[in-house]
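Undergrad: Before we start, here is the structure in question, set down as structure tokens.
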Protein chains: 2
Amino acid sequence: MRLRLLSQANRLRLLQRQRWLATTSSTNLAQQQQQGERNESRGKRDYNGLVYGAATLAGIGAGFLLFNELDKPRSSNNIITTSTATVAPVPALDEEATARLWHTTKRNDLPVYSVDEVSKHNTAETGIWITYGLGVYDVSEFAPNHPGGDKIMMAAGSAIDPFWAIFQQHNTLEVLQLLEGFRIGNLPQLEAAPVEVEHDSPWSQEPKRHALLKPTSERPFNAEPPIAMLSEKFLTPNEYFYVRNHLPVPTLQPEDYELELEVEAGEGQKKLKLSFAEIKALPKHSVTAAIMCGGNRRSEMTKVKPVKGLSWGAGAVGNAKWSGARLCDVLRQLGVQPHEQLHVIFEGADLDPTSHPYGASIPLSKALDPRGDVLLAYEMNDQPLSRDHGFPIRVIVPGTVGARNVKWLTRIIVADHESDSHWQQNDYKGFSPSTDWDTVDFSKSLAIQSMPVTSAICSPMPEEHVKVDGDGFITARGYAWSGGGRRIVRVDLTSDGGKTWHVAELEQEDLPDGRHYGWSLWTARLPISAEQRQTQSVELWAKAVDSAYNVQPEAFEHIWNLRGVLANAYHKVKVKLV
Amino acid sequence: MRLRLLSQANRLRLLQRQRWLATTSSTNLAQQQQQGERNESRGKRDYNGLVYGAATLAGIGAGFLLFNELDKPRSSNNIITTSTATVAPVPALDEEATARLWHTTKRNDLPVYSVDEVSKHNTAETGIWITYGLGVYDVSEFAPNHPGGDKIMMAAGSAIDPFWAIFQQHNTLEVLQLLEGFRIGNLPQLEAAPVEVEHDSPWSQEPKRHALLKPTSERPFNAEPPIAMLSEKFLTPNEYFYVRNHLPVPTLQPEDYELELEVEAGEGQKKLKLSFAEIKALPKHSVTAAIMCGGNRRSEMTKVKPVKGLSWGAGAVGNAKWSGARLCDVLRQLGVQPHEQLHVIFEGADLDPTSHPYGASIPLSKALDPRGDVLLAYEMNDQPLSRDHGFPIRVIVPGTVGARNVKWLTRIIVADHESDSHWQQNDYKGFSPSTDWDTVDFSKSLAIQSMPVTSAICSPMPEEHVKVDGDGFITARGYAWSGGGRRIVRVDLTSDGGKTWHVAELEQEDLPDGRHYGWSLWTARLPISAEQRQTQSVELWAKAVDSAYNVQPEAFEHIWNLRGVLANAYHKVKVKLV
């Protein structure tokens, strides 16, 4: 078996290289990527994913094609104000079942709008349009003022389908009736077709993505979900877990998969190869760990002064249960001994145009520590890894910046130096606020490993209309996390600029400090003052404290850095009060 | 041998209890101490230690008693302006040797002032008096404007002797001549006698302390050195390493010493006793570790709103090389196995009036981790521990708040719960800024273990007169440290309120992250603007970054807590420019 797999990595490289040569010059992709990142286009959206989502839903609706050309002459007003349906034309279906078909049918009384046209209506100024199935709706009046409106706002200018697939509670008869009243047109069925793929491109094998993932870049694919989704579930569903790719997604087959291990420095057997089956045969270990991009919340830091990097919101993080073999077991099997000066280098099967793989490294001490919980993971939330998350094997380095959690893992080297990859040496490092591109010296700075404490308000979202409850409070929810296994011990919220702080309720695993790798979700009720009710506006701040009693810095000004990483200042969200 | 030592802990308790009963009611000392801490008297000084220092120096001067009644009729002006000495009355001694005797002689032309009277002159308003040997000097004119003046200011209202014993470079002919010119009187020789001790009191056995230690409380003894001393040496000299005692200092003899170990929960041999000799016979291990009080820099936090606790400056920290047996070796010898739910409880020989010992605990995971470097230490900077620092054995828990580094260690228990001591349960915990004494619930908060990142500017000191150099810069020095073995990776300084930041040069050990327990000293040159030169004033800020890229919070307002612990905001120091 080992003979058969011997040259797998080389074969992969050749294949990938052929693809690159077919479509790109041989310049370093890291440079290309940086160029791409420089062309930040905040607010830009790409609708390929959403179109795909709509197509899927249209497909689901195909069983009801008999209604496709159904003419339903109804006035909007009727629908909005009448809760007893008088419009259902098919007696065999009850009121709700009928309502559930409306968005799957073309309304011949209304015009057809392209996805592109819809996408232009995504703000209060342009009007807020959304699509649901084949329907196009102008929800400008509805969205800001009604229950469920906040969730609809997440889809402004695009499809609501993927949101409602998650937030089933908003998909009620009342809301469907309300929505149909706002219908202004139809999507052309043509546009619901899957995006055309380019063959013979390194990008030709990219996986399909969930419509909820909002891309910050398409090639390589990088995307985050709307953050309101994040505080809904303690374990982030795989389908909209943020994706951070640095290169095209490689295509690996478990039956061909081979992990090469090499001990370049220190004690231990010099070489070993493990097949996928051999890794799965090792004792299986599970750990809940949040993975966070080093650039999470960069878009907030950018407001102080521009930085280079993908303009992530606060959604470049997710929390999952990861399962696989423990790296410490594998290294012990090789006879590797503790050594303070050694590193473990990981290489992925994702290759740049010069056939260099994505690479990163961690200290050997972390890799060997049983409490470090480093995994050769093949499962994410009890499912096989998806291609975007490293199928069939990735390394999970709990508590450590996402960039070291190398996906499509093909090679592990125990060495007396860090990875010499671009991403370890010249990226993912912190600098003083006064360091600029003329003075920066990457060699002088520490590669980010353990991440600092942070938190985010997921709900309400910025500018969301929030109802003040009978007691004069609003409810906020979000996440908090710290690296290095440090448990979140407190999240403080304020609705009066820090004059009074309110301690949030935490949802977290009962795990000991130093090994608490999952995030904490939090909920807090915050008082609204008479003045705030009058101005209909309030700004909420969140700050978290970890088990080392480290706290978030207050503002971005003094933690600003030219790469926009480590953006962990207080999260501040202005909302409107109803 | 074990038989002989069997009841040592009990004997100690009996002895201590007898002492308490002799002088105090049997109320809980922790309460007394809190009461004491409530009576914060900022700026209050106790001169016992300094008198002792002066007495020592007077003793050294005794060899020159032939000069004791020497009359030296000199005008101040002569001394200040004449560098060729015309005043030396003894031809056999050269100019400098003569000058070195002046402060040891009584000047019959000048009055005698009590130590108490001198102590009232310690500010610009009252005039600044100091003593040196038998001399009393009014340095109000001198101190703020001359080289060496900053070091003299540390002794305002008290004796300069202990400072000059350290800062030998200031003890020059020029300065001595200058100083004698400011002489206004003599100390009564009577006052140079050692403080009378009360026998039969629990405090009767307190050790002598170095004059440089400025007490924040006398009973129990708590004291810190002037922080300008701290940045002078990478390893803080034992004699002025800050002292944090919670109870009277016990008197232990190595030949009677016995450490009881007990495994209450989990696997392992149930009981073991180790003599001092047996601990010294174990493999010796050394680690450089800074120990910091949980209340270090509390006096800065207090300015936002009062807190309860000793009013520490930034000197409740020191860095030393500790040597002893590794706790992990001892626990392994007992057969203790890793277990995430267990704790290691430490008890000291220092007892409260109810005979309860000082106690604290740490997680078993820290105690068992070879990288945790927890020591049963018997040496501090290659010297046997002093009594104030835990003679003959204390536990050193590197990276962990001082309170867990239990001194005079007599008992170790592996248990399924934390220490139930006051100091673990109802002290040394962090809270939200809005938690007050009416709402506080200590049981809901995490006992501090690993400390957050912090830094301090040691030099210049607040209000110090600093000379701007020819290039328009001033130099600042200080320390930075983070708990949990996290290395300091950067210290940023600003002299313009954060508009520009300057990265300091670091002096630190070359140790790997996660095991970097010593502090870092830093030096930075900071530009002074034309406007600052004109106003002769500048405020310096320091902030440190650790290897998890945690940063200090900017201000105390939002990290304020009712116990005044974890005071790690930016250190800000206003200085005067010359």
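The values are calculated or read from the model by the stated rules, or taken from the named source; none is laboratory data. Just so it is clear, the structure is predicted and the values come from calculations on it, not from any experiment. When we count neighbours, we look across all protein chains shown, and the Cβ atoms used for this are built from the backbone with ideal geometry, even at glycine.
Undergrad: Is it fair to say residue A:482 is within 12 Å of chain B (Cβ to nearest Cβ) and touching a strand residue (DSSP E or B) at 6+ places or on another chain (Cβ under 7 Å)?
TA: Working: within 12 Å of chain B (Cβ to nearest Cβ): yes; touching a strand residue (DSSP E or B) at 6+ places or on another chain (Cβ under 7 Å): yes.
Considered against the rule, which asks whether it is within 12 Å of chain B (Cβ to nearest Cβ) and touching a strand residue (DSSP E or B) at 6+ places or on another chain (Cβ under 7 Å), residue A:482 comes out as yes.
Undergrad: Of the residues B:493, B:566, B:521, which is aliphatic (A, V, I, L, M), buried (at least 22 other Cβ atoms within 10 Å of the Cβ) and on the phi > 0 side of the Ramachandran plot? I'd like the intermediate steps shown before the answer.
TA: On the way: B:493 fails: on the phi > 0 side of the Ramachandran plot; B:521 fails: on the phi > 0 side of the Ramachandran plot.
Only one candidate qualifies: B:566.
Undergrad: Which one is surrounded by the most Cβ atoms within 10 Å (Cβ to Cβ) among residues in region B:294-338 that are within 14 Å of another protein chain (Cβ to nearest Cβ) and assigned to a loop (DSSP other than H, G, I, E, B)?
TA: B:295
Undergrad: Check whether at least one residue in region A:489-499 is modelled with pLDDT of 95 or more, over 17 Å from residue A:466 (Cβ atoms), touching an Asp or Glu at 6+ places or on another chain (Cβ under 7 Å) and of a type outside the set (Gly, Ala, Ser), and report yes or no.
TA: Among the residues of region A:489-499, at least one is modelled with pLDDT of 95 or more, over 17 Å from residue A:466 (Cβ atoms), touching an Asp or Glu at 6+ places or on another chain (Cβ under 7 Å) and of a type outside the set (Gly, Ala, Ser), which makes the answer yes.
Undergrad: Here is a further query. Among the residues of region A:452-475, what is the count of those that are assigned to a strand (DSSP E or B) and either without any contact (Cβ under 8 Å) to a residue 24 or more places away in the chain or within 14 Å of another protein chain (Cβ to nearest Cβ) (or both)? Before the answer, list the steps.
TA: Initial filter on region A:452-475 (assigned to a strand (DSSP E or B)): A:454-459, A:465-466, A:473-475.
Next, from what is left, pick out any that are either without any contact (Cβ under 8 Å) to a residue 24 or more places away in the chain or within 14 Å of another protein chain (Cβ to nearest Cβ) (or both): A:454-455.
Residues flagged as assigned to a strand (DSSP E or B) and either without any contact (Cβ under 8 Å) to a residue 24 or more places away in the chain or within 14 Å of another protein chain (Cβ to nearest Cβ) (or both) within region A:452-475 amount to 2.
Undergrad: Turning to a different aspect of this structure: Say whether the condition of being more than 12 Å from chain B (Cβ to nearest Cβ), within 22 Å of residue A:229 (Cα to Cα) and not small (Gly, Ala, Ser) is met by at least one residue in region A:543-552. Break it down stepwise before answering.
TA: If we filter region A:543-552 for residues that are more than 12 Å from chain B (Cβ to nearest Cβ), which is where we start, we get none.
Within region A:543-552 (the criterion being more than 12 Å from chain B (Cβ to nearest Cβ), within 22 Å of residue A:229 (Cα to Cα) and not small (Gly, Ala, Ser)), the answer is no, since none of the residues qualifies.
Undergrad: Give the residues of region A:351-393 that are surrounded by fewer than 23 Cβ atoms within 10 Å (Cβ to Cβ), within 27 Å of residue B:365 (Cβ to Cβ) and of a type in the set (D, E, K, R), sorted by residue number.
TA: Hits for region A:351-393 are A:369, A:371, A:379.
Undergrad: For region B:353-385, give me each residue that is under 21 Å from residue B:428 (Cα atoms), of a type in the set (Val, Ile, Thr) and in a loop (DSSP other than H, G, I, E, B).
TA: Of everything in region B:353-385, just one residue is under 21 Å from residue B:428 (Cα atoms), of a type in the set (Val, Ile, Thr) and in a loop (DSSP other than H, G, I, E, B), namely B:374.
The rows are residues; the columns are (1) assigned by TED's automatic domain parsing to the domain that holds residue A:153; (2) out of contact with any Leu (no Cβ under 7 Å at 6 or more places or on another chain); (3) surrounded by 21 or more Cβ atoms within 10 Å (Cβ to Cβ); (4) within 21 Å of residue B:524 (Cα to Cα).
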site	(1), (2), (3), (4)
A:429	no, no, yes, no
A:434	no, yes, no, yes
A:439	no, yes, no, yes
A:449	no, yes, yes, no
A:459	no, yes, yes, no
A:462	no, yes, no, no
A:465	no, yes, no, no
A:468	no, no, no, no
A:472	no, yes, no, no
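Undergrad: If residue B:573 satisfies every condition in (1) of a type in the set (Val, Ile, Thr); (2) within 21 Å of the chain's Cα centre (by Cα); (3) within 12 Å of chain A (Cβ to nearest Cβ) but one, which is the exception?
TA: (3)
Undergrad: Out of all the residues in region A:476-507, which are in contact (Cβ under 8 Å) with a residue 60 or more places away in the chain and within 15 Å of residue A:541 (Cα to Cα)? Steps first, answer last, please.
TA: Initial filter on region A:476-507 (in contact (Cβ under 8 Å) with a residue 60 or more places away in the chain): A:476-487, A:489, A:507.
Within region A:476-507, A:476, A:477, A:478, A:479, A:480 meet the criteria.
Undergrad: Scan region B:341-352 and tell me whether some residue there is part of a strand (DSSP E or B), within 14 Å of another protein chain (Cβ to nearest Cβ) and farther than 17 Å from residue B:323 by Cα. Lay out the reasoning, then the answer.
TA: Pass one, region B:341-352, residues part of a strand (DSSP E or B): B:343-351.
Now drop any that are not within 14 Å of another protein chain (Cβ to nearest Cβ), which leaves B:343-344.
Keeping just the survivors that are farther than 17 Å from residue B:323 by Cα gives B:343-344.
Within region B:341-352 (the criterion being part of a strand (DSSP E or B), within 14 Å of another protein chain (Cβ to nearest Cβ) and farther than 17 Å from residue B:323 by Cα), the answer is yes, since at least one residue qualifies.
Undergrad: Kindly evaluate residue B:533 against the criterion of being of a type in the set (D, E, K, R), within 12 Å of chain A (Cβ to nearest Cβ), farther than 30 Å from residue B:433 by Cα and surrounded by fewer than 24 Cβ atoms within 10 Å (Cβ to Cβ). Even if it seems obvious, please write down each step before you answer.
TA: Numbers: of a type in the set (D, E, K, R): yes; within 12 Å of chain A (Cβ to nearest Cβ): no; farther than 30 Å from residue B:433 by Cα: yes; surrounded by fewer than 24 Cβ atoms within 10 Å (Cβ to Cβ): yes.
It is false that residue B:533 is of a type in the set (D, E, K, R), within 12 Å of chain A (Cβ to nearest Cβ), farther than 30 Å from residue B:433 by Cα and surrounded by fewer than 24 Cβ atoms within 10 Å (Cβ to Cβ).
Undergrad: Which condition number does residue A:192 fail, the rest of (1) more than 30 Å from residue A:340 (Cα to Cα); (2) at pLDDT 90 or above being met?
TA: All conditions are met except number (2).
Undergrad: Among (1) under 19 Å from the mean Cα position of the chain (by Cα); (2) modelled with pLDDT of 95 or more, there is one condition residue B:461 misses while meeting the rest; what is its number?
TA: Here residue B:461 meets the rest and fails (2).
Undergrad: What are the residue pairs meeting all of these: first residue in region B:424-448, first residue away from every other protein chain (no Cβ under 13 Å), second residue among the polar types (S, T, N, Q), Cβ atoms under 6 Å, and 6 or more apart or on different chains?
TA: So the pair list comes out as B:424/B:361; B:442/B:426.
Undergrad: Given the criteria buried (at least 21 other Cβ atoms within 10 Å of the Cβ), at pLDDT below 95, under 30 Å from residue A:417 (Cα atoms) and not hydrophobic (A, V, I, L, M, F, W, C), does residue B:546 qualify?
TA: Values: buried (at least 21 other Cβ atoms within 10 Å of the Cβ): yes; at pLDDT below 95: no; under 30 Å from residue A:417 (Cα atoms): yes; not hydrophobic (A, V, I, L, M, F, W, C): yes.
For residue B:546, the condition - buried (at least 21 other Cβ atoms within 10 Å of the Cβ), at pLDDT below 95, under 30 Å from residue A:417 (Cα atoms) and not hydrophobic (A, V, I, L, M, F, W, C) - is not met.
Undergrad: Go through (1) assigned to a strand (DSSP E or B); (2) crowded, with 20+ Cβ neighbours inside 10 Å and name the single condition residue B:484 misses.
TA: (1)
Undergrad: Take the residues in region A:555-566 that are out of contact with any strand residue (DSSP E or B) (no Cβ under 8 Å at 6 or more places or on another chain) and not polar (S, T, N, Q); name whichever of them is nearest to the other protein chains (Cβ to nearest Cβ).
TA: A:566
Undergrad: Taking the stated definitions as given, is residue B:538 of a type in the set (Val, Ile, Thr), crowded, with 24+ Cβ neighbours inside 10 Å and either at pLDDT 95 or above or within 20 Å of residue A:570 (Cα to Cα) (or both)?
TA: Numbers: of a type in the set (Val, Ile, Thr): yes; crowded, with 24+ Cβ neighbours inside 10 Å: yes; either at pLDDT 95 or above or within 20 Å of residue A:570 (Cα to Cα) (or both): yes.
Against the criterion (of a type in the set (Val, Ile, Thr), crowded, with 24+ Cβ neighbours inside 10 Å and either at pLDDT 95 or above or within 20 Å of residue A:570 (Cα to Cα) (or both)), residue B:538 qualifies.
Undergrad: Is at least one residue of region A:258-270 part of a loop (DSSP other than H, G, I, E, B), touching a strand residue (DSSP E or B) at 6+ places or on another chain (Cβ under 6 Å), under 27 Å from residue A:523 (Cα atoms) and not hydroxyl-bearing (Ser, Thr, Tyr)?
TA: For region A:258-270, residues part of a loop (DSSP other than H, G, I, E, B), touching a strand residue (DSSP E or B) at 6+ places or on another chain (Cβ under 6 Å), under 27 Å from residue A:523 (Cα atoms) and not hydroxyl-bearing (Ser, Thr, Tyr): absent.
Undergrad: Would you check if there is a residue in region A:375-390 being within 13 Å of another protein chain (Cβ to nearest Cβ) and either aromatic (Phe, Trp, Tyr) or touching a residue at least 24 places away in the same chain (Cβ under 8 Å) (or both)?
TA: Narrowing region A:375-390 to residues within 13 Å of another protein chain (Cβ to nearest Cβ): none.
Looking for residues that are within 13 Å of another protein chain (Cβ to nearest Cβ) and either aromatic (Phe, Trp, Tyr) or touching a residue at least 24 places away in the same chain (Cβ under 8 Å) (or both), one finds none in region A:375-390, hence no.
Undergrad: I would also like to ask the following. Sort out for me the strands (runs of 3 or more DSSP E) sitting completely within region B:497-578 that have 2 or more residues that are charged (D, E, K, R). Talk me through it step by step, then tell me what you get.
TA: Values: elements: B:505-507, B:520-527, B:537-546, B:571-577.
In region B:497-578, the matching strands (runs of 3 or more DSSP E) lie at B:505-507, B:537-546, B:571-577.
Undergrad: List pairs: first residue in region B:537-556 and more than 16 Å from residue A:560 (Cα to Cα), second residue of a type in the set (A, V, I, L, M) and modelled with pLDDT under 95 anywhere in the structure, Cβ distance under 8 angstrom, at least six positions apart or on different chains.
TA: Every condition considered, no pair remains.
Undergrad: Here is a further query. Considering region B:485-513 alone, what residues qualify as being of a type in the set (Asp, Glu) and away from chain A (no Cβ under 11 Å)? Don't jump to the end; show me each part of the working.
TA: The first filter runs over region B:485-513 and keeps only residues of a type in the set (Asp, Glu), leaving B:492, B:496, B:505, B:507, B:509-510, B:513.
B:505, B:507, B:509 - these are the residues of region B:485-513 that are of a type in the set (Asp, Glu) and away from chain A (no Cβ under 11 Å).
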